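In what follows, a structure is listed as structure tokens, so that the remarks can point back to it.
The values are calculated or read from the model by the stated rules, or taken from the named source; none is laboratory data. All figures in this text were calculated on a predicted structure; none of them were measured in a lab. Note that each Cβ is placed from the backbone with ideal geometry, even for glycine, and that neighbours are counted across all protein chains shown. Note: areas computed on protein heavy atoms with side chains; ligands, DNA, RNA excluded. Shrake-Rupley method; radii C 1.70, N 1.55, O 1.52, S 1.80 Å.
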Amino acid sequence: YFRNLVPNTWWEGKTTTPGTIDTTNYFRTEGAAVDGYKLFYHSGNLTINATQDMLGQRAILLVDGGNLTINNNISLTDGSGFFTAIVKGNIIINPAVASLEGFYSADNLFKTGAGSTQLKVRGSVVGLGGVSLQRNLQAGNVTTAAEVFEYAPDLIFTYPSKLTVRKMRWKEVAP
């Protein structure tokens, strides 16, 4: 669905990612920006091992026909940075990951990973097959959440309008 929303001019400037991203700040330093956004594409399973600090860069990651595994933190500069991962599969978070920022959408499951580290997500997660909250900070802990989701209205303002549904309404107006 989202792949079809991306304009053809963006596909010409896309960067095809390797199966494993071990480069720190890969999404910030690689690829060419088109209309202010960098488009990254991968077919099959993709693993992000290195920390990604987007700063003020804006990136869109499309993973087609595989899972996305995130093994390290992803952060943005509030108000100017943007990151979204749209995955036709599962999004699996390593239990050691403590912080994610951006929009994350999976056709199947979004899994936080069973671990004892608190996960803070600033943005939004979607799992069409469900969101699996798997973390447990410690036995008997009833006061601290294992997963924290923070609303990030600035991400809505940096969301690419090209990825929204275009509706046109025709209305006859009297002369």
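Couple of notes before you dig in:
- When Ser99, Ser80 are checked against the criterion of being touching a strand residue (DSSP E or B) at 6+ places or on another chain (Cβ under 6 Å), within 19 Å of Glu150 (Cα to Cα) and open to solvent by 20 Å² or more (accessible area, probe 1.4 Å), Ser99 stands alone in meeting it.
- When Lys38, Lys14 are checked against the criterion of being open to solvent by 20 Å² or more (accessible area, probe 1.4 Å), out of contact with any His (no Cβ under 7 Å at 6 or more places or on another chain), charged (D, E, K, R) and under 20 Å from Thr164 (Cβ atoms), a single residue qualifies: Lys14.
- Pro175 without any contact (Cβ under 8 Å) to a residue 12 or more places away in the chain, exposed (fewer than 12 other Cβ atoms within 10 Å of the Cβ) and under 21 Å from Ile60 (Cβ atoms): no
- Qualifying residue in the stretch 156-168 (condition: without any contact (Cβ under 8 Å) to a residue 60 or more places away in the chain, small (Gly, Ala, Ser), out of contact with any Cys (no Cβ under 7 Å at 6 or more places or on another chain) and crowded, with 17+ Cβ neighbours inside 10 Å): no
- When residues of the stretch 48-60 are limited to those that are part of a loop (DSSP other than H, G, I, E, B) and of a type in the set (A, V, I, L, M, F, W, C), the one most open to solvent (accessible area, probe 1.4 Å): Leu55
- Wholly within the stretch 61-145, strands (runs of 3 or more DSSP E) carrying at least 3 residues that are closer than 18 Å to Thr51 by Cβ and within 14 Å of the chain's Cα centre (by Cα): 68-70, 82-87, 91-93, 99-106, 119-127
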